[in-house]
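The values are calculated or read from the model by the stated rules, or taken from the named source; none is laboratory data. Just so you know, these numbers come straight off a predicted model, no measurement behind them. Every residue, glycine as well, gets a Cβ built from its backbone with ideal geometry; the counts of neighbours run over all protein chains shown.
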Amino acid sequence: MNSNELTSDTPIMAFAQLQLADPLARAVSEMGYETMTPIQAQAIPVVLQGRDVMGAAQTGTGKTAAFALPLLQRMMRHQNASTSPARHPVRALVLLPTRELAVQVAEQVELYAKYTDLRSAVVFGGMDMKPQTAELKRGVEVLVATPGRLLDHIEAKNAVLNQVEYVVLDEADRMLDIGFLPDLQRILSYLPKQRTTLLFSATFSPEIKRLANSYLQNPVTIEVARSNATASTVEQHFYSVPEDEKRHALHQVLRARGMKQAFVFVNSKLGCARLARSLEREGLKTTALHGDKSQDERLKALDAFKSGEVDLLVCTDVAARGLDIKDVPAVFNFDIPFNAEDYVHRIGRTGRAGAAGLAVSFVSGNNDARLVGDIEKLIKTKIELEGLEFDENLPNIRQQGRINDGRRMYAHDGEAGGDNGRSAPRTEGRGNREDGYAPRAPRAPRSDYARPPAPSRDPFFDKPYEPTTVADKPAPSWEATARPASRSISANIKPKRKVAALFKTE
Ligand code: AMP
């Protein structure tokens, strides 16, 4: 093995062995960390030595602490209580592809640094620059940012990067997917050449290797997991369930397992909003999280989930990408994802950092069975389909399911105009790429189900998700607009309104 390469065989160590500065050790122990995760055990000593690192590790492996703790440790010599901004220049820069990831990493950095005098801040697009500017002007040692917004701040001279000593390119593969390479190149050109650079990526594609060759110096390569591996701590079940029984099945599993909180994944934003509404009516505190939600709404939904105000977070893949919510006990694949890789990402929300997790997938029909075959190939594990016994004491949700079933074909509309295949390009500049939309090749139309003409974009999705009660459930606006009148009314049948008018007596 090359001396620059480490594998997950490296022994796992206790945090106490690291001899972190007291304020950092205190924060770590307060967070309940005792043993380092494999990426931490491997990366922390190397970063403490000041070496560059190329790390293959996914979100959920403890990678944030793997870079944040040694960087904070090395910056301790700069900490000071002065109020002068000049005494708090940016010394560490952490770049991430999406706002959600940036917020999550910044939250963790803040927790680790809470007993130090080192300051941190986060800047990302899609939000007013003013509060971010004010924070930058006060001076921060650790700046967490998405590339586009950071460039805006550099251009506005709010962020000065000539004293940066450490750079982290986190989720580098996704930054390249989104098209951030030119922005990254510009940002890196502003930084001092003498620095430590850490690059983390789920995979080491040729592009990532090129990036590393250009910007890292003699890096130590650390790999902790195969990119498509699912955590061994996640218990995975695939239940064969008819389409119209899926909600019933969801209630059944939640009840049988005594579970309170879960992520429920669906394949389209329309399906997402609709399922959230149905589950809410059925008594589960539910919030929808999909690509049409504003940044503010997404953060609120996450907060509500984290605080336990909400039990179920129904989400699409794009909306959930990069979300770091600790200890989600279960992930449901209400729809089997079209891409097998999304299965791995979805179930990565549970069973994180060694905790036990549950991943339940509902398989219905031949299409789903084919998709399960793809997952089987990807994760290299034989998947057995299981039956599910229903507890007849559960409220009968099947009837409602059948009503929905009649509309099922509309649930796929989001696929074309939705999260993964945005039909209209967004035109508001680079800030928008920070939503986490990795551009993908448009999907080939599926021939195995009928697709009605795409409905026009509906203002329903511009509003925050509002739960409705059984007593108060107006027909959703998409129902009024989704179906062209010609489909439901034959040309031979006169509209009712006109017939009534004929009989009208004055
Ligand atoms: P990350 O991969 O950095 O997003 O971390 C995933 C989650 O694991 C975060 O919520 C961390 O708080 C948690 N975590 C990180 N390191 C440890 C550790 N050594 N022990 C327990 N939990 C950890």
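Exactly one residue among ARG87, ARG91 is over 21 Å from LEU48 (Cα atoms) and either modelled with pLDDT of 95 or more or polar (S, T, N, Q) (or both), and that residue is ARG87. Could you list, in sequence order, the residues of segment 353-387 that are within 27 Å of ALA273 (Cα to Cα) and within 16 Å of the ligand (Cβ to nearest atom)? If the condition is that a residue be within 27 Å of ALA273 (Cα to Cα) and within 16 Å of the ligand (Cβ to nearest atom), then GLY357 is the only one that fits. Only residues that are touching a residue at least 40 places away in the same chain (Cβ under 8 Å) and more than 20 Å from VAL46 (Cα to Cα) were counted across segment 177-202, and they come to 8.
Restricted to helices (runs of 4 or more DSSP H) entirely inside segment 50-143, those with at least 1 residues that are within 16 Å of the ligand (Cβ to nearest atom) are 63-75, 99-112. Among the residues of segment 166-180, the ones that are modelled with pLDDT of 95 or more and over 11 Å from ILE208 (Cβ atoms) come to 4 in all.
One line per residue, one yes/no per condition, for (1) surrounded by 19 or more Cβ atoms within 10 Å (Cβ to Cβ); (2) not assigned by TED's automatic domain parsing to the domain that holds ASP128:
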{"site": "LEU199", "(1), (2)": "yes, no"}
{"site": "GLU207", "(1), (2)": "no, no"}
{"site": "HIS248", "(1), (2)": "yes, yes"}
{"site": "VAL264", "(1), (2)": "yes, yes"}
{"site": "LEU279", "(1), (2)": "yes, yes"}
{"site": "HIS290", "(1), (2)": "yes, yes"}
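Checking each residue of segment 225-243 against the condition of being part of a helix (DSSP H, G or I), touching a residue at least 60 places away in the same chain (Cβ under 8 Å) and aliphatic (A, V, I, L, M) gives no match. Scan segment 36-49 for residues that are in contact (Cβ under 8 Å) with a residue 40 or more places away in the chain and outside any loop (DSSP other than H, G, I, E, B) and jot them down. PRO38, ILE39, GLN42, ALA43, VAL46, VAL47 - these are the residues of segment 36-49 that are in contact (Cβ under 8 Å) with a residue 40 or more places away in the chain and outside any loop (DSSP other than H, G, I, E, B). Looking across segment 23-49, just one residue is more than 10 Å from the ligand (Cβ to nearest atom) and of a type in the set (Asp, Glu), and that is GLU30.
Is it the case, given these coordinates, that VAL253 is crowded, with 16+ Cβ neighbours inside 10 Å, outside any helix (DSSP H, G or I) and at pLDDT 90 or above? Steps first, please.
Values: crowded, with 16+ Cβ neighbours inside 10 Å: yes; outside any helix (DSSP H, G or I): no; at pLDDT 90 or above: yes.
No.
Go over the candidates ARG91, ARG138, ARG74, ARG99 one by one and state the one that is charged (D, E, K, R) and under 19 Å from the mean Cα position of the chain (by Cα). Can you show your working first?
Values: ARG91 fails: under 19 Å from the mean Cα position of the chain (by Cα); ARG138 fails: under 19 Å from the mean Cα position of the chain (by Cα); ARG74 fails: under 19 Å from the mean Cα position of the chain (by Cα).
After ruling out the rest, the residue left standing is ARG99.
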